[in-house]
Amino acid sequence: MSTQSLRVAVVGGGVCGLTCAVALQKHGVDAQVYEAASQFGEIGAGVDLGRNAINILSNLGVYEDICTRANQVEAAAAKELGARLGPSHQGIDGIRGWFRFHSGMGEHEVLSDILHGVHRAVFMDALVQNVDPARAHFKKRCTHLSEHPSGKGMVIHFQDGTTAEADIVLGADGIKSVVRRYVTDTASLSVDPHLKFSNTICFRSLVPASKAKAAGCKFDYSERAVCMVGENRHLILFPVRSGTLINVVAFASDPDSSPEKFSPPALSAVQHVTTEEVLASYEGWGPEVTNLLSCMDDPTKWSINVVYPPIQPENWSRGPVTILGDAAHGMLPHLGAGAAQGLEDAYLLGQLLGHSQTNATNVEAVLRAYAAVRHIRSHGVWQNSKRAGEIWDGRAGYSGVNVDEVRSLYDYIFLHPADADLEAAEEILIKDGVFARSS
Ligand SMILES: Cc1cc2nc3c(=O)[nH]c(=O)nc-3n(C[C@H](O)[C@H](O)[C@H](O)COP(=O)(O)OP(=O)(O)OC[C@H]3O[C@@H](n4cnc5c(N)ncnc54)[C@H](O)[C@@H]3O)c2cc1C
């Protein structure tokens, strides 16, 4: 029996769950998506799509759709700037611009230029258009999984008391994943041992550009993203709605942010705070920063939670159940690489579950090969993201921003060929005698 006849369930319809549904569909594998919310949606304005993500989205036939939907003004600006990018960043005009790094202090001198991208809602919209609405089920919050009493397949239990059955369950249910609790066999513990607060928070708000100017801000944020670098703090500022709004994301981290010090999350992930609290956190910073922060209306404070310690390959999959996206490797957001890692997971799952040699009897071995390959790759990106935070927050062991080091962090992420993971997984499966080497 091929996997085409197996019932596949994707739990969670965020960017990774939807990309997974599209990837499975492309390979002829029918999947149902169970989403906790009443509709598909994304919080926040920006998502970074590097070359690795672009390759995958192109292969899935979604990239053109994203470009068509992308804001034309920003697309043109990114295209012009894209001509200056290195080999890892070519062919991504339409959704990319540059990050400019300034000192957050004193006169805010320019430290360096690095690339960045935006358009989270555009990305989500394009994915939704490629998912069969008949296979999307809303208000279906998974509470737990159990093996089917017959011994064949899984039962997915939802908060509303209903259940669904599936032969394969793919958990794309985000950083607080319920499916992760099943695959790591930790559902009975009161605290998820893999969910940690990273000792990093960020304040977020959209500030009208006209308001910032009236408050004395001098920088033009309408054309490119800016990173203000300081001690244990940095700000990410980028244009939204053709530059009429500035998306302000102001990070603050503990001076000792080593993962060993990460603790279980104590606070709710998002809280409303006062502008005074934000300003107090940036006391002593230069006028451009304090003027901008004073314009934040109803700022929110986000606790950045991560998956730590990393899920070992043997715990990524349990029988016919596995995880992807933040559920598997939620990371610090400092390289804007988290979503793209989930896309790489989704792409490989589509390729492997739709593979001509995958069938009902070997699918669990196939999921284990998926886990072995994706563990190594995503953990490398997890570590690079942590390192980037150390650089932006002045804990890199040198002052300023070393462009060569930053470029190498990005290159590891962006220069990953789309089909490299499939080749690696096939090698494992051939070595284990699960797949035959095709001539
Ligand atoms: C401040 C910040 C900035 C970031 N910036 C970037 C960036 O620029 N670029 C980038 O690539 N990444 C960025 N990230 C990370 C990125 O947002 C995540 O890696 C990405 O959204 C993960 O996608 P996901 O689909 O795995 O999880 P999510 O986006 O969390 O989606 C999970 C989905 O599952 C649903 N769900 C949850 N629980 C259940 C359940 N029990 N049952 C059913 N459904 C459920 C949720 O409603 C949601 O729709 C940032 C993160 C933060 C915090």
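Within segment 296-327, the set of residues being farther than 30 Å from Ser205 by Cα, open to solvent by 40 Å² or more (accessible area, probe 1.4 Å) and in a strand (DSSP E or B) comprises Arg318 only. Among residues that are touching an Asp or Glu at 6+ places or on another chain (Cβ under 9 Å), modelled with pLDDT of 80 or more and of a type outside the set (S, T, N, Q), Gly17 is included.
Screening Ala134 on (1) part of a helix (DSSP H, G or I); (2) among the small types (Gly, Ala, Ser); (3) touching a residue at least 60 places away in the same chain (Cβ under 8 Å) shows it passes everything except condition (3).
Here is the figure for segment 333-365: residues that are part of a strand (DSSP E or B) and within 11 Å of the ligand (Cβ to nearest atom) total 0. For segment 249-295, filtering for residues that are open to solvent by less than 40 Å² (accessible area, probe 1.4 Å) and among the aliphatic types (A, V, I, L, M) leaves 9. With respect to (1) crowded, with 23+ Cβ neighbours inside 10 Å; (2) closer than 17 Å to Met105 by Cβ, the lone exception for Phe219 is condition (1). For Val178, the stated conditions hold: it is among the β-branched types (Val, Ile, Thr), open to solvent by less than 60 Å² (accessible area, probe 1.4 Å), out of contact with any helix residue (DSSP H, G or I) (no Cβ under 7 Å at 6 or more places or on another chain) and within 23 Å of Leu324 (Cβ to Cβ). Here Arg437 meets each of (1) touching a Phe, Trp or Tyr at 6+ places or on another chain (Cβ under 9 Å); (2) on the phi < 0 side of the Ramachandran plot with one exception, condition (1). Taking the criterion of being of a type outside the set (D, E, K, R), within 13 Å of the ligand (Cβ to nearest atom), within 18 Å of Val33 (Cβ to Cβ) and surrounded by 15 or more Cβ atoms within 10 Å (Cβ to Cβ), the residues of segment 118-158 that qualify are Phe123, Met124, Leu127, Val128, Val131, Ala136, His137, Cys142, Leu145, Ile156, His157, Phe158. For segment 384-397, the condition holds for no residue, the condition being that it is among the aliphatic types (A, V, I, L, M), touching a residue at least 40 places away in the same chain (Cβ under 8 Å) and over 21 Å from Ser303 (Cα atoms).
Just to be sure, is Ala339 without any contact (Cβ under 8 Å) to a residue 60 or more places away in the chain and either among the acidic types (Asp, Glu) or touching a helix residue (DSSP H, G or I) at 6+ places or on another chain (Cβ under 7 Å) (or both)?
In short, no.
Can you spot a residue in segment 411-424 that is within 16 Å of the ligand (Cβ to nearest atom), in a helix (DSSP H, G or I) and β-branched (Val, Ile, Thr)? The answer is yes; a qualifying residue exists. When segment 390-406 is filtered for residues that are assigned to a helix (DSSP H, G or I) and open to solvent by less than 60 Å² (accessible area, probe 1.4 Å), the ones remaining, listed by number, are Glu390, Ile391, Trp392, Val403, Glu405, Val406. Is there a residue being in contact with a strand residue (DSSP E or B) (Cβ under 7 Å, 6 or more places away or on another chain) and either among the basic types (Lys, Arg) or modelled with pLDDT of 90 or more (or both) anywhere in segment 218-225? Among the residues of segment 218-225, at least one is in contact with a strand residue (DSSP E or B) (Cβ under 7 Å, 6 or more places away or on another chain) and either among the basic types (Lys, Arg) or modelled with pLDDT of 90 or more (or both), which makes the answer yes.
Matching residues to (1) crowded, with 18+ Cβ neighbours inside 10 Å; (2) not assigned by TED's automatic domain parsing to the domain that holds Val29:
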site	(1), (2)
His355	yes, no
Ala360	no, no
Gln383	no, no
Ala388	yes, no
Ser408	no, no
Glu423	no, no
Glu427	no, no
Arg437	no, yes
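The values are calculated or read from the model by the stated rules, or taken from the named source; none is laboratory data. From a predicted model like this one, the values you see are computed outputs, not experimental measurements. Positions of Cβ are backbone-derived with ideal geometry, glycine not excepted, and every protein chain shown enters the neighbour counts. SASA here: full protein model, heavy atoms, side chains in, ligands and nucleic acids out. Shrake-Rupley method; radii C 1.70, N 1.55, O 1.52, S 1.80 Å.
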